[in-house]
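Chemist: Below you will find the structure I want to go over with you.
The values are calculated or read from the model by the stated rules, or taken from the named source; none is laboratory data. All of these numbers come straight from a predicted model, not from anything done at the bench. All Cβ positions, even for glycine, are placed from backbone atoms using ideal geometry, and neighbour counts span all protein chains on display. We work out accessible area using only protein heavy atoms, side chains counted, and drop any ligands, DNA or RNA first. Shrake-Rupley method; radii C 1.70, N 1.55, O 1.52, S 1.80 Å.
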Amino acid sequence: MKKAVIHLFLILTNIINAQIFDVEAIKITGDDDKRINLVILSEGYQESELSNFISDAQTFTSTMFAEPPFSNYSNYFNVYAIKVPSNESGADRPSTNTYVDTYFNATYEAFGKEYLLYYEVDGYSANNTEAKIFSVLADNTPNYDVGLILVNSPDYGGSGGSFPMAYNGDWGNNVIMHEIGHSLFDLKDEYYPGDELAAEAINMTQETNPTLVKWKNWINTNNVGVYQYTCDTGNCADWYKPHQNCIMEKIDKGFCSVCKEGIIAKIHELVSPIDSYTPISSTVEVSNFPIDFSLNLIKPNPNTLVSVWTLNNSVFANNLDEISLNETNLAEGENTLTAAITDNTSLVRINNYETINVHTITWTINYASLGIEDISSKENSFKIKMFPNPTSTFLNFKIESENQSNFKVDLVSIDGKKVKTATINTISKINISQLNSGIYLANIYANNVLIATKKVVKL
Ligand SMILES: [Zn+2]
């Protein structure tokens with residue numbers, strides 16, 4: 001993806017000298033501006049050791065993308081490695097008076113903590129090193145989303161912050177995944193991180209009631225519960241976590257269900273599942289029928305994407321990547337064909353304050369009996385929040401969209417009867433207190449096109 005802040009760093013780095021290094025593509029699934037781009041930088045590898053660095057970067061990449069949920073969303077990521085040579089190998093260790101000349105000045109025992117491997121040594125401020133990392137990234141891989149630093153040392157260590165850093169030994173790959181959990185996906189440690197870092201987050205809360213806690217939909221599934229933090233000093237007794245065996249606590253475990261859900265929600269926010277589509281726009285003669293419309297989707301593994309094709313306000317097809325229209329499908333004048341894409345993964349269960357990400361392509365087809373005059377297309381994306389759910393009185397909607405749209409919601413009972421219809425604005429509240437208790441479907445329309453269906457529980 002493209003970062004809005006690139007220009008600032010480019011300006012900064014034009015002042016300093018550009019630092020151009022060899023960049024190797026480790027994993028490419030598509031265009032940088034349609035993917036999350038991870039960039040691995042070498043630290044403490046001498047010129048002669050850079051081939052080891054590439055093999056370490058490959059091992060890290062295969063480890064990370066074998067681990068759920070990254071294994072499920074592997075097609076949403078690119079990985080690059082920047083070969084930054086250091087004059088000497090390894091990292092500093094002040095307690096043994098070991099100081100080596102490396103590019104980013106990595107040191108163990110940062111802030112007096114044995115395993116804290118960080119880019120700060122006496123005489124250098126971390127800020128200067130951060131500026132140096134920013135400029136190496138901007139000069140070599142300006143589309144990066146997160147920069148990771150792999151340190152050529154067998155001793156256990158790592159750190160989070162702006163640039164996750166870890167050693168290249170046995171557990172280093174898991175350390176980096178844990179640190180990416182912090183840096184890119186806003187996860188907290190599930191061991192007590194200290195009073196200063198304790199805060200409400202995807203996987204940390206002060207709410208103790210299992211029916212109210214933000215991960216309530218996972219309670220009693222995959223060992224998710226409401227577990228109190230423990231610590232020797234500090235106010236950890238005020239804080240709770242969802243699991244006791246998550247990589248955000250124990251480096252030899254995987255991500256817990258709540259952390260997986262948080263990671264996927266963020267991937268949905270960062271990347272549209274629509275890689276490309278055709279036609280973008282064209283002029284078609286009558287002899288060209290049928291006309292093909294196709295989507296090239298970035299598919300999770302297994303594929304959990306759902307597509308709904310709507311032609312002139314009626315559903316035309318479901319879950320197809322390609323459809324064809326004949327003359328008989330079209331009305332004289334303007335026709336509208338929309339494909340709406342959502343991800344129905346069972347790894348996401350947020351429904352208390354659920355955000356549904358919907359991506360649409362709309363084609364406008366001008367049809368005259370003598371033949372099609374032209375087809376134009378428009379891409380749109382919607383972020384729909386519907387809450388609270390379950391509810392006994394009001395259902396709130398909050399909708400963000402890239403382009404102006406008119407929204408409508410139909411509530412349909414389980415036996416298929418439309419029981420309520422309402423026009424909704426970007427923020428709306430509808431009263432459902434008069435409805436019988438039970439399960440309903442909320443069909444949400446943008447410009448009369450069905451873009452999402454969600455279950456509502458009326459208490
Ligand atoms: Zn977790």
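Chemist: For residue 167, which of the numbered conditions (1) crowded, with 22+ Cβ neighbours inside 10 Å; (2) within 14 Å of the ligand (Cβ to nearest atom) fails to hold?
Modeler: (2)
Chemist: Quick check on residue 254: is it within 14 Å of the ligand (Cβ to nearest atom), more than 20 Å from residue 344 (Cα to Cα) and of a type in the set (Gly, Ala, Ser)? Working first, answer last.
Modeler: On the way: within 14 Å of the ligand (Cβ to nearest atom): yes; more than 20 Å from residue 344 (Cα to Cα): yes; of a type in the set (Gly, Ala, Ser): yes.
Against the criterion (within 14 Å of the ligand (Cβ to nearest atom), more than 20 Å from residue 344 (Cα to Cα) and of a type in the set (Gly, Ala, Ser)), residue 254 qualifies.
Chemist: One residue is enough: does the stretch 229-242 have a residue meeting the conditions open to solvent by less than 60 Å² (accessible area, probe 1.4 Å), more than 13 Å from the ligand (Cβ to nearest atom), under 16 Å from residue 348 (Cα atoms) and of a type outside the set (S, T, N, Q)?
Modeler: No, the conditions are met nowhere in the stretch 229-242.
Chemist: (1) open to solvent by 50 Å² or more (accessible area, probe 1.4 Å); (2) within 14 Å of the ligand (Cβ to nearest atom); (3) in a helix (DSSP H, G or I): which one isn't true of residue 245, the others all being true?
Modeler: (3)
Chemist: Restricting to strands (runs of 3 or more DSSP E) lying wholly in the stretch 321-418: which have 3 or more residues that are out of contact with any Ser or Thr (no Cβ under 9 Å at 6 or more places or on another chain) and open to solvent by 20 Å² or more (accessible area, probe 1.4 Å)?
Modeler: Qualifying strands (runs of 3 or more DSSP E): 354-368.
Chemist: Can you tell me which condition residue 297 does not meet? The list is (1) open to solvent by 60 Å² or more (accessible area, probe 1.4 Å); (2) aliphatic (A, V, I, L, M); (3) free of Cβ contacts under 8 Å to residues at least 60 places away in the same chain, and all the others hold.
Modeler: Exception for residue 297: condition (1).
Chemist: Could you identify the single residue in 448, 380 that is more than 27 Å from the chain's Cα centre (by Cα) and over 30 Å from residue 211 (Cα atoms)?
Modeler: Residue meeting the stated conditions: 448.
Chemist: In addition: Name the pairs: first residue in the stretch 251-265 and free of Cβ contacts under 8 Å to residues at least 40 places away in the same chain, second residue open to solvent by less than 20 Å² (accessible area, probe 1.4 Å) and within 9 Å of the ligand (Cβ to nearest atom), Cβ to Cβ under 8 Å, at least 6 apart or on different chains?
Modeler: Close Cβ pairs (under 8 Å, with a partner that is open to solvent by less than 20 Å² (accessible area, probe 1.4 Å) and within 9 Å of the ligand (Cβ to nearest atom)) amount to 253/246; 253/247.
Chemist: Now for a separate question. Looking at this structure, is residue 253 in the same structural domain as residue 195 (by TED's automatic domain parsing), outside any loop (DSSP other than H, G, I, E, B), open to solvent by 40 Å² or more (accessible area, probe 1.4 Å) and at pLDDT 95 or above? First the steps, then the outcome.
Modeler: Numbers: in the same structural domain as residue 195 (by TED's automatic domain parsing): yes; outside any loop (DSSP other than H, G, I, E, B): no; open to solvent by 40 Å² or more (accessible area, probe 1.4 Å): yes; at pLDDT 95 or above: yes.
Considered against the rule, which asks whether it is in the same structural domain as residue 195 (by TED's automatic domain parsing), outside any loop (DSSP other than H, G, I, E, B), open to solvent by 40 Å² or more (accessible area, probe 1.4 Å) and at pLDDT 95 or above, residue 253 comes out as no.
Chemist: Another question about this same structure. Among the strands (runs of 3 or more DSSP E) confined wholly to the stretch 11-95, which include 3 or more residues that are among the aromatic types (Phe, Trp, Tyr)? Break it down stepwise before answering.
Modeler: Details: elements: 22-27, 36-43, 77-83.
Here the list is empty.
Chemist: Residues of the stretch 216-234 being modelled with pLDDT under 95, closer than 13 Å to residue 191 by Cα and not hydroxyl-bearing (Ser, Thr, Tyr), which ones?
Modeler: 231, 232, 234
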